[in-house]
1. For the residues B:Cys114, A:Cys356, B:Cys45, what sequence is obtained by ranking on other C-beta atoms within 10 Å, fewest first?
2. If you count, for every residue in B:10-22, the Cβ atoms of partner chains within 10 Å of its Cβ, what is the mean?
3. Select from A:Phe345, A:Phe173, A:Phe91 the residue whose mean-square fluctuation is largest in a Gaussian network model of chain A (Cα-Cα springs shorter than 10 Å).
4. If I fit a long axis through the Cα atoms of helix A:371-382 and take the longest principal axis of the Cα atoms of chain A, what angle between them do I get, 0 to 90°, rounded to 10?
5. Can you put A:Asp305, A:Asp207 in order, fewest other beta carbons within 10 Å first?
6. Quick one: what are the phi-derived ³J(HN,Hα) couplings along segment A:45-52, Karplus 6.51/-1.76/1.60 with θ = phi - 60°, whole Hz, x for glycine and proline?
7. In peptide B:66-79, what is the residue-averaged number of other protein chain Cβ atoms found within 10 Å of each Cβ?
8. Calculate one ³J(HN,Hα) per residue across segment A:65-78 by plugging θ = phi - 60° into the Karplus curve 6.51 cos²θ - 1.76 cosθ + 1.60, and present them in order as whole Hz with x for glycine and proline.
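A short reminder: the numbers here are calculations on the coordinates, not readings from a lab. Everything numeric in this text was worked out from a predicted model, so none of it was measured. Because the Cβ atoms are built from the backbone with ideal geometry, glycine has one as well, and the counts that use them run over all protein chains shown.
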Amino acid sequence: MQSLDQLKRRSVTPDWGASTALADVSGQTAIAGIGETPHTGASGRTTKAMALLAVERAIADAGLEPGDIDGLMVGFGIEDQLTPDDFRAHFQTGNPLWYNTQGGAMVWAATCMHTAAQAIAAGQATHVVNAFAVDWATRRTEGRLAHSEYHADEPMKAHFELPYGWFPQPVYFATFARRHMHEHGTTEAQLGALPVAFRRHANGHPDAVMKDRTLSLEDYLHRPYLASPFRVEDCCMISDGAGAFVITAAERARHLRHRPVIAEGVGHGRIHGAPYIAQQGDITSTPQVFSAPWAYAMAEVGPLDLDVIAVYDCFSMTALMQIEDLGFCGKGEGGSFVQDNRLHFDRPRQQGGIPCNTHGGFLSHAYTLGISHVIELVKQLRGTAPNQVRDAELAAYAGFTADEASTLILRRGDR
Amino acid sequence: MIADKLTDPVCGPFWRAAQERRLELCWCTQCDAAVWYPLAHCPRCAAPTTWRRLSGRASLHSWSEVLLPINPAFPEPYITALVVPEEALGTRLVTQLVDCAAADLRCDMPLAVCFRPLVGQEPDGCLAPVFKPA
């Protein structure tokens, strides 16, 4: 096991942010079960009902019973996530649950593996379920989608950003995309390679919201701007759905139903001056530059070892920048890198590609804020994904919240 | 939204200066550097901050033209931007661009401040620093 000093020495990063000093948990835990609900537009389903269905499926997928679960992780700050009482009432179990709200999706879909590893090592839990559900499509239809209020509630954003219409998120990252295009010569056709690749993956994925709608690069380039240089196709969908996965000790996972998927590396990083990304040192990069090196150091691998990745694609450009920041190419080279089908599931690393968002991502699968990204990687490493990458053994999830990013490196375990 | 941006103890000086057509930024006189967003004390040296008038010359760091309805409060099209004041190269002001077309814009071009009322802002007619090509 590497010390924090060793990990820090091996994780050199730029000076406008910092890596979080996460203890080495390499190889300690595994994902043993996965479950999802259908992903849809406005459905009238509640977050709790969706989360419970995903949890039920994840527990069954692991070959466990609800009474075996003694840990529950969810996200904070997203409406109506599961509580221990919800779990016990639904499953009619009375056992104590270790409960932690540093889980769910976004950056926490990666860092939950670190948090759970420490809880499991400390004997606080044996089988932990991490769950996330979102009903924003329903909320939007009913006129109660509240997540933009974050901007109005933050005093500096309210004073100096909101009055100028520099919100919501598409406008932030359209501005960043424009700068990336200016500094690095990235073109709209290069940016369009991401939504087109992800749509192709969704067209081959039975659970994707966009499974029946094709998108060619020509179609993309003919679409109108939403906030230039972004089109609607560059932006995440809003959908209803939930996902969950069961985390347990790697050794324990070997005796459960499926081949385990082992957490080999976890990283997390944040910009200085968070949450004010308008002042971020380099707006052509993401805080993934502070997260990925730590995860690689912990896992003792590099980007060229990865077979498949799932990148937080709230916008096409945030995925492109994170592909650079994960080290697949140099800063500014992402535009040319993502061309030539390099992100497609059937262009493996042996052919110079890196299959990315093989379920379709937020742009075309569903906007479940990252939990489905991790679940897709588990399917890839089990060899059961709809768009299966041949012989996938090593995968990475890149999580993102604008001012923070995270990295989770997963390996196909032995039976 | 801010109840009264002119009287806010931390941010009010920016808006009060704008009513008199001055662009002012929070400044640390010890470090001789901008403190943005404003704070009562410098985060580097802890000295009390003051406000400093800027020339209004700036460069265009980046921009986006909003063309489809995304903000109920803001009728599109409008151009929102990040600009860098010439006296504070590590600082970006979020702003809008006026008196220009998107086709005329390129990053790093020179800009000059001007003062306009912004749509939907309280108090009614409150002037805000915005920028136009220099």
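1. Values: B:Cys114 16, A:Cys356 28, B:Cys45 11.
By the 10 Å Cβ count, ascending, the order reads B:Cys45, B:Cys114, A:Cys356.
2. Details: counts 3, 5, 1, 0, 2, 3, 0, 0, 0, 0, 0, 0, 0.
Across the residues of B:10-22, the mean count of other-chain Cβ atoms within 10 Å is 1.
3. Between A:Phe345, A:Phe173, A:Phe91, it is A:Phe91 that shows the largest mean-square fluctuation.
4. Tilt of helix A:371-382: around 70 degrees.
5. Values: A:Asp305 15, A:Asp207 19.
Lowest count first: A:Asp305, A:Asp207.
6. Ordered by residue, 3J(HN,Hα) equals 6, 8, 4, 5, 5, 5, 4, 5 Hz.
7. Values: counts 10, 7, 8, 1, 11, 8, 1, 4, 6, 1, 3, 3, 3, 4.
The per-residue average across the peptide is 5.
8. Whole-Hz 3J(HN,Hα) from phi for segment A:65-78: 10, x, x, 7, 7, 10, x, 9, 10, 9, x, 9, x, 10.
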